[in-house]
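Comments concern the structure below.
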Amino acid sequence: MTRTMGILLFVGALGVGAIAIGSASFKENREINVISREAGSGTRGAFVELLGIEEKTPDGGRIDRTTIEAIIANKTDVVIASVASNPYAIGYISLGSLDQRVKALTIDGVEPTRENIVQGRYKVARPFSVAYRGSLSDVARDFLDFILSTEGQQIVAESYIPVSEGPFVSTKPAGKMVVAGSSSVSPLMEKLAEAYLALNPNAEVEIQTSDSTAGLMGAVEGTCDLGMASRELKAHEAEQLESAVIAQDGIVVIVNNENPLNELTSEQVKRIYTGELTTWDL
């Protein structure tokens, strides 16, 4: 399909580089269909904080200003499918989950690449963590040691940014452990568990996918051994849990492949997600 691209305009209500877009099939006056994650999602928590969609209140609290018109998707795959099937949709996902069904946008002139995240140029980035309360069981400790070892971090490096290295020496403890939480972290955790079980067939790892808040609550309540989180722990969570960063990841803003837009400013993303910008004639 042939596309006729628009031009960049450096005037407008934003006072920044607003972008006029257009093509034979894409209608820039159409409404932006905003796709967001559920309230407990670590990806949402990091996204709204990093882009100023979450505002601080005078009493120290925080209010998420995501527009009430947003369509809520409870998993990464649902966000991708929603954007891939709708030319006028916008969403956000983990960089490690990005595939060819959708297009990632450049933010503030910086592409969402691993190199740019490592060098600190791409600012919409966050950690992947696991958290636990009290002493870990032998099998849970062995699994965490594997994740943070050179062997485990090689698996991390296939899609994400590794954070540690070191040899892994397993005592091959027997037992079952439960890992629960973030749907952004769980695909990585499944790969790590598969590799670990090949080294320690005495263990059993059950992975339960929900969201970061549920995973951390499970760790606090003792219903899982490790809670997965795709955001920084909040103060009250950090007071109750020990945590370990297992990877670094970026959050990418995605649009449909038929959308000729290639970049936005962080201010434009904020205004789209707070409902101030509602159509694609930005």
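Checked against (1) surrounded by fewer than 16 Cβ atoms within 10 Å (Cβ to Cβ); (2) small (Gly, Ala, Ser); (3) closer than 22 Å to Gln153 by Cα, Ala235 meets all criteria but (3). Among residues of segment 140-158 that are in contact (Cβ under 8 Å) with a residue 12 or more places away in the chain and farther than 23 Å from Gly222 by Cβ, those with a Cβ under 6 angstrom from a residue that is assigned to a loop (DSSP other than H, G, I, E, B) and of a type in the set (Phe, Trp, Tyr), sequence gap 6+ or separate chain, pair up as Ser149/Phe168; Glu151/Phe168.
Among the residues of segment 239-266, those identified as farther than 30 Å from Phe26 by Cα and under 20 Å from the mean Cα position of the chain (by Cα) are Ser243, Ala244, Val245, Ile246, Ala247, Gln248, Asp249. Once segment 1-41 is narrowed to residues that are at pLDDT below 95 and outside any loop (DSSP other than H, G, I, E, B), the residue that is nearest to the chain's Cα centre (by Cα) is Ile19. Selection over segment 44-103 of residues that are under 26 Å from Gly120 (Cα atoms), among the acidic types (Asp, Glu) and within 18 Å of the chain's Cα centre (by Cα) gives a count of 4. Residues in segment 42-64 that are surrounded by 12 or more Cβ atoms within 10 Å (Cβ to Cβ) and either part of a strand (DSSP E or B) or among the β-branched types (Val, Ile, Thr) (or both): Thr43, Val48, Ile53, Glu54, Glu55, Arg62, Asp64.
The values are calculated or read from the model by the stated rules, or taken from the named source; none is laboratory data. Quick caveat, the model's predicted, so the values are computed rather than measured. Using ideal geometry, Cβ is built from the backbone for each residue, glycine included, and neighbour counts are taken over all protein chains shown.
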